[in-house]
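J.: Dropping a structure here in structure tokens format, bear with me for questions.
The values are calculated or read from the model by the stated rules, or taken from the named source; none is laboratory data. Computed from a prediction, not measured in an experiment: that's the story for all the values here. For neighbour counting, all protein chains shown are included, and Cβ atoms are generated from backbone atoms with ideal geometry for every residue, glycine included. Heads up: the accessible areas ignore ligands, DNA and RNA and are worked out on the full protein's heavy atoms, side chains in. Shrake-Rupley method; radii C 1.70, N 1.55, O 1.52, S 1.80 Å.
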Amino acid sequence: MEKILIKNGKVLLFENNDVIIKNRDILVEEGKITKIEEKIPNSPEYHLIDAQNQIVMPGLINTHAHIPMSIFRETSEGVSLNEWLNNRIWPIEDRLTKQDIYNASMLSLIEMISTGTTCINDHYFMSEQIREAVRKLKVRAVLTRVIMDVDNNLQERIDEFKSFYETRLPDEDLITYSVAPHGLYTCTDKALQASANLARQYNLPIHIHFLESIDEIDDIKKLHGKRAIEVLKQYFNGIHTVLAHGVKLDDEDIKVLKTMDCGIAHNPISNLRLGCKIADTTRYLQEGINVALGTDGQGSGSNLDMFEAMRIACLIQGGIHENEARITAKEAIYMATINGAKLLGLNTKIGSIEVGKDADIILVDITKNLDNIIMYPNSNEVANLVYNTTGRNVTTTIVKGNVLMENRIIKGVDVNEIIKSAENIIK
Ligand SMILES: [Zn+2]
């Protein structure tokens, strides 16, 4: 494996409970960060990446997405979550072929690489084709096969999950797995019990939609005969659980979640788009609940740009808090990096730039020019990363020492071909 020297960059580090930026060089060997020093001399054996005028930061971690949903971009305009799922998404999903899923996944993964995300937590079906795309593009992913049984297909889905998980390759360390019941309103008690059993049997986390919309509160009560939080605790207490959304947690919910091994994957753009209320992430973090960031599928989240997610995550807290303290740019950066790594159980490997961690690193262009005019004067580089940066500023994306994009060229694939192949899936 090639050794990489990232030279002359401004490196974003987490030190003494703070986010700081220092001029440092970084050496990557065997996929890991082996040195972070003021000056590391170049050598002919290194792949040299000049990071002059760039921020070098941990790759972003998208903790809730539906990888193939690139093809549903901008289909949610003007409809409620229920209407959108029932009338626009599920009928089309039923007709998708394996090739469609592969092509749609490739499109999402190049979008993800080009906007600086190095790890994605998926929640979908036809998982073999998603895994094939993930392998082809060498990103890091948590994969699954979603379980739900509103249409009585429970056993088939459990079998599909098992065969998917059991055909994993040993030593394929970029791909890990979760058990993913769709939600408490789309899974009967039987499906939730089966999911908990699978998670325990294989020692995997749970990844579930939880309180995405206030509409589901009554549906959950009708289906299970108790409150959402009681259902969650009944089945998943003691299992590490990724809760997508949690827009409307009350005092009792928070009290119970604090006793469970779980955290929130907050998807601010999708929540706003579907009119699903605003999760009070300021409070969740104050209460000690881990909050990370996600985009959700592009159907409701528009895109996989985690810089946009960071910015909106900060801004919307102003919509529910007035002058009191609320999350800042620094917290948004934690949410998109180290908090995400913790939520996915990967924080010993990724989530920060540290010696010994895997080299999941991105470079963000801050050159003084017209394209970056909104960053200057750059008196607060950390705030600028959150408020004035988009995924288009990312020049280079590295996952475990593999350079997937350099100077905005994605390696090893024909981007135009991928765009073309996903164009006509939804007609
Ligand atoms: Zn979702």
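J.: Once the Cα atoms of helix 154-166 and of the chain are each reduced to a long axis, what angle between those two axes, in degrees from 0 to 90 to the nearest 10, is obtained?
T.: Approximately 30 degrees, to the nearest ten.
J.: Ignoring everything except DSSP H segments at least 4 long, calculate the 222 nm mean residue ellipticity for the chain; use -39,500 (n - 2.57) per segment, divide by total residues, nearest 500.
T.: Details: 16 runs with 146 residues, N = 427.
For the chain, the value works out to -9500 deg cm²/dmol.
J.: Helix 127-137 versus the longest principal axis of the chain: what is the Cα-based angle in degrees, 0 to 90, to the nearest 10?
T.: Between helix and principal axis, roughly 0 degrees.
J.: Taking all pairs of different Cα atoms in region 353-427, averaging 1/r and flipping that mean, what Kirkwood radius in angstroms comes out?
T.: Working: mean 1/r = 0.0676 Å⁻¹.
By the Kirkwood definition, the hydrodynamic radius is 14.8 Å.
J.: On to the next question. For every other residue with a beta carbon closer than 13 angstrom to the beta carbon of D371, add +1 if it is Lys or Arg and -1 if Asp or Glu, then tell me the sum. Before the final figure, lay out each step's value.
T.: Numbers: positive: K368, R392, R408; negative: D365.
Taking every Cβ under 13 Å from that of D371, the sum is +2.
J.: Taking amide H positions as placed 1.01 Å from N in the peptide plane, with prolines and chain starts having none, which residues 5 or more places from A244, or on another chain, fall under 5 Å of its amide H?
T.: I208, H209, F210, A265
J.: What accessible area, in Å² to the nearest ten, does a 1.4 Å probe give for E406?
T.: For E406, the solvent-accessible surface is approximately 30 Å².
J.: Relative contact order for the chain: what percent, with Cα pairs under 8 Å and sequence separation of 6 or more? Numbers along the way, then the final one.
T.: Values: 922 pairs, mean separation 91.0, N = 427.
Result for the chain is 21 percent.
J.: Please report the spacing between the Cα centers of region 46-86 and region 282-356 in Å, no decimals.
T.: Their Cα centres are 13 Å away from one another.
J.: Over the chain, what percent of the accessible surface lies on carbon and sulfur atoms, probe 1.4 Å?
T.: Values: 8220 of 17530 Å².
Exposed carbon and sulfur together represent 47 percent of the surface.
J.: Report the local net charge at E322: Lys and Arg +1, Asp and Glu -1, summed over other residues whose C-beta lies under 15 Å from its C-beta. Spell out each step's value before the answer.
T.: On the way: positive: R283, R326; negative: D280, E324.
My count for the surroundings of E322 gives 0.
J.: Something else now. Any idea what the dipole of the chain comes to, in debye rounded to 20, about its Cα centre with Lys/Arg Cβ at +1 and Asp/Glu Cβ at -1?
T.: Working: 47 positive and 59 negative charges, 82 e Å.
Dipole of the chain, to the nearest 20 debye: 400 debye.
J.: Can I ask one more? Please compute one quarter of the surface area of the Cα convex hull for region 104-147 and express it in square nanometres.
T.: On the way: hull surface 10.7 nm².
One quarter of the hull surface, i.e. the mean projection, equals 2.7 nm².
J.: Taking amide H positions as placed in the peptide plane 1.01 Å from N, state which residues far from T395 in sequence (5 or more) or on other chains have amide H under 5 Å from it.
T.: Amide H to amide H, under 5 Å and 5 or more residues apart or across chains, T395 pairs with L363, V364, D365.
J.: If you wrap region 240-330's Cα atoms in a convex hull and average its projection over all directions, what's the area in nm²? The partial results should precede the final answer.
T.: Details: hull surface 23.2 nm².
Its average projected convex-hull area is 5.8 nm².
J.: Only sites in a loop by DSSP and with at most 14 other Cβ atoms within 10 Å count here; which trypsin sites (Lys or Arg not before Pro) in region 307-380 make the cut? Write out the running numbers ahead of the final one.
T.: Values: sites: R311, R326, K330, K342, K349, K357, K368; in loops: R326, K349, K357, K368.
Qualifying residues, ordered by number: K368.
J.: To the nearest 10 degrees, how steeply does helix 98-114 sit against the main Cα axis of the chain, on a 0 to 90 scale?
T.: Helix 98-114 sits at roughly 40 degrees to that axis.
J.: Right, another one. Quick one: P(r) of the chain from all Cα-Cα pairs, 20 Å bins, percents rounded to integers, in order of increasing distance.
T.: It works out to 27, 59, 14, 0, in whole percents.
J.: Let me ask something additional. Work out the charge dipole of the chain with +1 on the Cβ of Lys and Arg and -1 on the Cβ of Asp and Glu about the Cα centre, then indicate which of Y202, I4, I409 is farthest towards its positive end.
T.: Going by the Cα projections, it comes out as I4.
J.: Among the listed pairs K10/K39; K138/K162; K39/K330; K3/K411, give every one whose C-alpha distance is greater than 21 Å. Before the final figure, lay out each step's value.
T.: Values: K10/K39 12 Å; K138/K162 23 Å; K39/K330 27 Å; K3/K411 17 Å.
Pairs exceeding the cut-off: K138/K162; K39/K330.
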